[in-house]
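The structure under discussion appears below in the form of structure tokens.
Coordinate-derived values only; no laboratory data. The structure displayed is predicted, hence computed values, not measured ones. Because the Cβ atoms are built from the backbone with ideal geometry, glycine has one as well, and the counts that use them run over all protein chains shown.
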Amino acid sequence: MVDQIKAVIFDVDGTLAETERDGHRIAFNQAFLEMGFDWVWDEAFYGDLLAVAGGKERLYYYFRHFNPSFSYLGPIEALVEEVYDVKTRHYIALLKADGITLRSGVLRLMTEIRAAGLRMAIATASSTENVTTLITTTLGFEALGWFEVIATGDLVLEKKPSPDIFHYCLAGLNLSAEHCLVIEDSENGVKSAIAAGIPTVVTFNDYTKGDDFTGALSVFNQLGDPSDACQQSEGFAISGSYVTINDLKVLHARQ
């Protein structure tokens, strides 16, 4: 018998909001401009960079694979840290200017989860400052208390697809993997959650719609709302036109 679901763990970037395309990418470009670099990461190119989880890791990947001739008078690690800090400042400013909104169905489903008495947590490769600012600017300061654990990329050694972040999250919740369900948006996220033994539901976005979601319970284009139906592409079916807490319970029982 499958253990009853006790907690739902959310990814952040691309899952809660379109932060990659409309936030991080723009902030990187603003940082490059401010620092005098002529690099521009357009939407398509940024999709290639998303093969790597984590902003700093993405910069290293960019230098190795797309800009190997770039030279810097000093440790490249120091440059990456500086670029990332400037980028974070621009990203936070975008969030505070209400430049990013939640994806369809996110607030509704979180409300249903809380009403059902289930616990919530976050497991993401993003930094703590980025995550908490997104939560407070889209849901309000009180929403920080909705999540018993906010596990971020600066708290573990290896980012997704490593299962480290989910192991950290499970330890914080003091729950076993079979008591939880993850909502992710990417192949790396699914691999990470499944490696940690946690059943997973996917809500992909434009960047991740072509990813391999093998092992996920179900795959949707969004969580959806009564007036904004979701579309399912893989896995177990749901009862209606958008994902509800009852659907998550049924999907969890199918693992």
Here are some values of Rg/Rh (Cα atoms, Kirkwood Rh): (1) 1.03; (2) 0.94; (3) 0.97. Which one was computed from this structure? (3)
Just rank 159, 249, fewest to most, by other beta-carbon atoms within 10 angstrom. 249, 159
Label residue 61 and residue 171 with points 7 Å out from Cα along Cα→Cβ: what is the distance between them in nm? 2.5 nm
Please list, ordered by chain and number, the residues whose modelled amide H lies under 5 Å from the amide H of residue 149; skip anything fewer than 5 residues away on the same chain. 122
Could you give the size of the charge dipole of the stretch 158-255 about its Cα centre, using +1 on the Cβ of each K and R and -1 on the Cβ of each D and E, expressed in debye and rounded to the nearest 20? 240 debye
Eligible lysines near residue 159 by straight Cα distance, threshold 25 Å, same-chain separation 8 or greater: 6, 56, 87, 191, 209
Using the beta-carbon distance between residue 237 and residue 35 and R0 = 35 Å, what value does 1/(1 + (r/R0)^6) give for FRET efficiency, to the nearest 0.05? 0.10
Going by amide H atoms built from the backbone, whose H comes under 5 Å of the H on residue 225, apart from near neighbours? 230
Nearest 5 percent is fine: what portion of the DSSP beta bridges confined to the chain is antiparallel? 20 percent
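Considering Cα pairs under 8 angstrom that are at least six residues apart, work out the relative contact order of the chain and quote it in whole percent.
About 22 percent, as a whole number.
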What is the fewest-to-most order of 16, 251 by other Cβ atoms lying within 10 Å of their Cβ? 251, 16
Compute the distance in nm between two label points, each set 7 Å from the Cα along the Cα-to-Cβ direction, one at residue 48 and one at residue 227. 4.1 nm
Length gained, residue 114-residue 82, 0.36 nm per residue minus C-alpha separation, equals 7.6 nm
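Could you work out the relative contact order of the stretch 20-96, using alpha carbon pairs under 8 angstrom and six or more residues apart, expressed as a whole percent?
Details: 51 pairs, mean separation 35.3, N = 77.
That works out to 46 percent.
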Name the shape class, rounded, prolate or oblate, that the alpha-carbon gyration tensor gives for the stretch 167-224, where a ≥ b ≥ c are the square roots of its eigenvalues, rounded holds for a/c under 1.5, and otherwise prolate holds if a/b is larger than b/c and oblate otherwise. prolate
Degrees between helix 76-96 axis and first principal axis of the chain (Cα, 0 to 90, nearest 10): 60 degrees
Subtract the Cα-Cα distance of residue 69 and residue 254 from 0.36 nm times their separation in residues, and report this length gain in nm to one decimal. 61.5 nm
